[in-house]
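The block underneath contains the structure these notes are about, expressed in structure tokens.
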Amino acid sequence: MKSILALILSIVIFAFATHAIAGEWGYFAGDQEELYGAWVNMKYGSSIPQKIIYKPAGTFNCYKDTNSKVPCEGGRYLVTGKWSDAHGNIFYKSNWVGDWGEEAYQITKISNSGKTLEFVLGYDEPPKIIDPDNIWYRKYTRE
């Protein structure tokens, strides 16, 4: 009986330790995250939204141009990780689903000044780095 209990306890401890080491505990986004708000890039044209608004409720809206009052797209996102680097930049790992059915992983970097947002999308697997040469790289500034 003691050996069975010890085995079960070992398995539970191993499972928790594995998640902790892998950094996969997740993250519960609060009411005041650096991500929230409006982000714009006037250089983007009709195929890439010029404006994205991330809301605390876990929703986002995209706008074809910065003057538009009606979103062209929207969806839901879930922040699954947050960390900072040695320079004070903030990173978010998230998953999102667009209202049109598209799903993607996203890694987002907010500059230490809080004025620049960069992200890379991943459709098959979560991206690991912010790579400006990636086809799914985007850059915005805070509105």
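The values are calculated or read from the model by the stated rules, or taken from the named source; none is laboratory data. Everything numeric in this text was worked out from a predicted model, so none of it was measured. Cβ: placed from backbone, ideal geometry, glycine included. Neighbour counts: every protein chain shown.
I'd like the residue in region 58-81 that is of a type in the set (Ser, Thr, Tyr) and touching a Gly at 6+ places or on another chain (Cβ under 9 Å) and, out of all such residues, is nearest to VAL40 (Cα to Cα).
Of everything passing the filter in region 58-81, THR59 is nearest to VAL40 (Cα to Cα).
Search region 20-36 for residues that are closer than 15 Å to PHE91 by Cα and pair each with any residue that is part of a loop (DSSP other than H, G, I, E, B) and modelled with pLDDT under 60 when their beta-carbon atoms are under 7 Å apart and the residues are at least 6 apart or on different chains.
Within 7 Å, no pair qualifies.
Here are some residues: THR18, THR66. Which one is at pLDDT below 95, among the β-branched types (Val, Ile, Thr) and in contact with a Lys or Arg (Cβ under 6 Å, 6 or more places away or on another chain)?
The unique qualifying residue is THR66.
Since PRO49 meets every condition but one in (1) free of Cβ contacts under 8 Å to residues at least 40 places away in the same chain; (2) buried (at least 17 other Cβ atoms within 10 Å of the Cβ); (3) part of a strand (DSSP E or B); (4) not charged (D, E, K, R), which condition does it not meet?
With respect to (1) free of Cβ contacts under 8 Å to residues at least 40 places away in the same chain; (2) buried (at least 17 other Cβ atoms within 10 Å of the Cβ); (3) part of a strand (DSSP E or B); (4) not charged (D, E, K, R), PRO49 is out only on (3).
Identify, please: which residue in region 102-143 is among the aromatic types (Phe, Trp, Tyr) and assigned to a strand (DSSP E or B) and is, among those, nearest to PHE91 (Cα to Cα)?
Here the residue is PHE119.
Can you spot a residue in region 77-93 that is within 22 Å of LYS64 (Cα to Cα) and not aliphatic (A, V, I, L, M)?
The answer is yes; a qualifying residue exists.
Give the number of residues within region 52-101 that are assigned to a strand (DSSP E or B) and not β-branched (Val, Ile, Thr).
Total satisfying the criteria: 22.
Go through GLY88, GLY26, GLY58, GLY74 for me and flag whichever is loosely packed, with under 12 Cβ neighbours inside 10 Å and either under 20 Å from ILE135 (Cβ atoms) or not hydroxyl-bearing (Ser, Thr, Tyr) (or both).
GLY88
Criterion first (at pLDDT below 95 and surrounded by 15 or more Cβ atoms within 10 Å (Cβ to Cβ)) does PRO127 satisfy it?
The answer is no for PRO127.
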